[in-house]
Amino acid sequence: MDELAKRALAYLREIKSVTFATVEQGVPSARIIDVMMVDDEGLYFLTGRGKPFYREIIEGEVVAVTAMTPEWVSVRVVGDVRPNSDPKVREKIFIDNPVLSQLYPGGKDDILEVFQLYRGRGELFDLSGGLPERERFAFGGEEPSVPGAFITKACTACGACEPECPVGAISKGEIYVVDGSRCLECGRCAEYCTFDAIEPAKGL
C-alpha cells in the first residue's frame, strides 16, 4: 500500500465514525459505522450478523466509505470487502476499541463479525488551503483512476472553456489541458465547449 492510500485510511481511522454505503434491494443504504483498525492490508470494521448491513455486505461484497476531517479534507473509498476470521486481528480490534466489550459484555460480542475492506480506489479532496487539491489512490492491486475533466483531440483551442473554470484549472495550448488535481469536476467547462471536446470527470 502506498503512502497516499495509507494516509487516506489513517484519516478514516482518526475520524472513526464515518459513512458506509451499500445497496439494499436496488436502493442506496447508508449508515454511520466505526472504523476499528487500519493497516497495510486495508480497513477493518464490525457489524452484527442480524443487521441489514451484514446481509448487504455478504450479498454485495462492496462498500463505499466517506468522511471529512475538521480541516476540510474529504476522504472517499469504494472497494471490495470480505469477512476476516484472523483471531489476532479480532483481538487487536477489541484491545484498541474497549467500548465493544462494554456494549457486548460477558462474551456476547461473538455476534459481531469482522470485515476487511481489502481492495479499492479512493480520493483525498483537500479544501483546507482554499483552492482544491484532489489526489486519487488505490490499494489491494487496483489502479487509481485519473481525476478531473479531460479535453480530447477534438479541441480547437478556441479558448471558450478556460475563463469559465472557477478555479483556473485549465491551461492554454494547441489542445487545452485540465489539471485534474485542481479540477472541481463541476462540468462548467464542458457546458461552454461548442465542439463537444471535453469529457466529464469519471468516478473512482
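Computed from the coordinates by the stated procedures, all read-outs in this text should not be read as laboratory data. Note that the coordinates shown come from a computational prediction; the quantities given were computed from them, not determined experimentally. Note: ideal-geometry Cβ built from the backbone for every residue, glycine included; neighbour counts use all protein chains shown.
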**Message:** Of the residues Gly140, Gly187, Gly180, Gly130, only one is on the phi > 0 side of the Ramachandran plot, touching a residue at least 40 places away in the same chain (Cβ under 8 Å) and not aromatic (Phe, Trp, Tyr); which?
**Reply:** Gly140
**Message:** Step by step: first the residues of segment 74-98, then only those that are more than 18 Å from the chain's Cα centre (by Cα) and among the polar types (S, T, N, Q), then the one that is nearest to Lys16 (Cα to Cα). Which residue is that?
**Reply:** Asn97
**Asked** For segment 74-93, which residues satisfy the criterion of being exposed (fewer than 15 other Cβ atoms within 10 Å of the Cβ) and assigned to a helix (DSSP H, G or I)?
**Response** Pro87, Lys88, Glu91
**Asked** Would you pick out the residues in segment 169-204 that are in a loop (DSSP other than H, G, I, E, B), of a type outside the set (D, E, K, R) and under 24 Å from Gly129 (Cα atoms)?
**Response** Ala169, Gly180, Ser181, Cys183, Leu184, Cys186, Gly187, Ala201, Gly203, Leu204
**All positions within segment 27-59 that are under 17 Å from the mean Cα position of the chain (by Cα) and not hydrophobic (A, V, I, L, M, F, W, C)** = Pro28, Ser29, Arg31, Asp34, Asp39, Asp40, Glu41, Gly42, Tyr44
**Request:** Mind telling me which of the residues Glu135, Glu59, Glu71 ends up being out of contact with any helix residue (DSSP H, G or I) (no Cβ under 7 Å at 6 or more places or on another chain), farther than 21 Å from Thr22 by Cα and either charged (D, E, K, R) or part of a strand (DSSP E or B) (or both)?
**Result:** Glu71
**Prompt:** Residue check, Ala169 against (1) touching a residue at least 24 places away in the same chain (Cβ under 8 Å); (2) crowded, with 17+ Cβ neighbours inside 10 Å; (3) touching a strand residue (DSSP E or B) at 6+ places or on another chain (Cβ under 7 Å), all met but one. Which one?
**Reply:** (1)
**Request:** Quick one: count up the residues across segment 26-45 that are part of a strand (DSSP E or B) and either more than 25 Å from Glu3 (Cα to Cα) or acidic (Asp, Glu) (or both).
**Result:** 8
**Item:** Enumeration of residues in segment 139-177 that are hydroxyl-bearing (Ser, Thr, Tyr) and more than 30 Å from Gly79 (Cβ to Cβ)
**Value:** Thr156, Ser171, Tyr176
**Fill in**
Restricted to segment 104-121 and to residues being among the charged types (D, E, K, R) and in a helix (DSSP H, G or I), the residue surrounded by the fewest Cβ atoms within 10 Å (Cβ to Cβ) is Asp110
**Message:** So the check is Cβ under 6 Å with 6+ separation or different chains; which pairs have a first residue in segment 98-125 that's within 29 Å of Arg76 (Cα to Cα) and a second one that's among the small types (Gly, Ala, Ser) and part of a helix (DSSP H, G or I)?
**Reply:** Gly122/Ala8; Leu124/Ala8
**Message:** If I ask for residues that are surrounded by fewer than 16 Cβ atoms within 10 Å (Cβ to Cβ), closer than 25 Å to Lys92 by Cβ and hydrophobic (A, V, I, L, M, F, W, C), which ones from segment 18-51 would you list?
**Reply:** Ile32
**Request:** Looking only at segment 145-165, count how many residues are assigned to a loop (DSSP other than H, G, I, E, B) and within 24 Å of the chain's Cα centre (by Cα).
**Result:** 5
**Request:** Could you tell me whether Tyr54 is crowded, with 16+ Cβ neighbours inside 10 Å, under 29 Å from Ser181 (Cα atoms) and not polar (S, T, N, Q)?
**Result:** no
